[in-house]
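Asker: I'd like to ask some things about the structure below.
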Amino acid sequence: MKSLYSLFFILCFIISSCNSKTEKRPDTAMDVGREFIESSMMGDFKMAETLIFNDAENLSLFNAFKTFYNRMPEDKKLKYQKATYEINELKEPNDSTTFINYSNDYMKKPMEIKLIRVNQVWYVDFKHNYTSEENK
């Protein structure tokens, strides 16, 4: 009987392991951009932060953005979460820089994110949104 229980628990463990989803990091600029936009709109900052280029300025600005989002009224967060977005333009000035211009149907305002490739991995350069000449 003891071995039957052991077999049952081992079987449950194997089944649950097969069902667990392994998150794979997106590997193209477009996929990283989409994942960042979607996770930011949903308030999934744990995922979004993995896509940010890891430097002090980017992380500081991203933390300020998270604080701003978390202080928004729940109804406004829900509107972002229900919103859909559209890619308006994709610009690739070189092989390690991409700009994605997009808008969502809640704000209806064009926005842009910059993606940079460092050591063959694409990241969001979040500080671009705050230091770009176009945004001043």
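Asker: Say whether the condition of being among the hydroxyl-bearing types (Ser, Thr, Tyr), touching a residue at least 12 places away in the same chain (Cβ under 8 Å), surrounded by 15 or more Cβ atoms within 10 Å (Cβ to Cβ) and in a strand (DSSP E or B) is met by at least one residue in region 114-130.
Answerer: yes
Asker: Based on what the data block shows, is Lys108 exposed (fewer than 11 other Cβ atoms within 10 Å of the Cβ) and at pLDDT below 95? Spell out the reasoning first.
Answerer: Values: exposed (fewer than 11 other Cβ atoms within 10 Å of the Cβ): yes; at pLDDT below 95: yes.
For Lys108, the condition - exposed (fewer than 11 other Cβ atoms within 10 Å of the Cβ) and at pLDDT below 95 - is met.
Asker: Exactly one of these conditions fails for Phe36: (1) surrounded by fewer than 16 Cβ atoms within 10 Å (Cβ to Cβ); (2) modelled with pLDDT of 95 or more; (3) touching a helix residue (DSSP H, G or I) at 6+ places or on another chain (Cβ under 8 Å); (4) part of a helix (DSSP H, G or I). Give me its number.
Answerer: Of (1) surrounded by fewer than 16 Cβ atoms within 10 Å (Cβ to Cβ); (2) modelled with pLDDT of 95 or more; (3) touching a helix residue (DSSP H, G or I) at 6+ places or on another chain (Cβ under 8 Å); (4) part of a helix (DSSP H, G or I), only one is false for Phe36: (1).
Asker: State whether one or more residues within region 20-28 are at pLDDT 95 or above and either in a strand (DSSP E or B) or within 18 Å of the chain's Cα centre (by Cα) (or both).
Answerer: Yes, because at least one residue in region 20-28 is at pLDDT 95 or above and either in a strand (DSSP E or B) or within 18 Å of the chain's Cα centre (by Cα) (or both).
Asker: Let me ask something else about it. Condition check: in a helix (DSSP H, G or I), surrounded by fewer than 17 Cβ atoms within 10 Å (Cβ to Cβ) and in contact (Cβ under 8 Å) with a residue 12 or more places away in the chain. Does Lys76 satisfy that?
Answerer: So Lys76 fails the test.
Asker: Moving to a separate point now. What number of residues in region 69-92 are of a type in the set (Ser, Thr, Tyr) and more than 12 Å from Met107 (Cβ to Cβ)?
Answerer: 1
Asker: Run Tyr102 past the list (1) in a strand (DSSP E or B); (2) more than 15 Å from the chain's Cα centre (by Cα); (3) of a type in the set (Ser, Thr, Tyr) and report the number of the one that doesn't hold.
Answerer: Failing condition for Tyr102: (2).
The values are calculated or read from the model by the stated rules, or taken from the named source; none is laboratory data. Keep in mind the model is a prediction, meaning the values are calculated, not measured. Because the Cβ atoms are built from the backbone with ideal geometry, glycine has one as well, and the counts that use them run over all protein chains shown.
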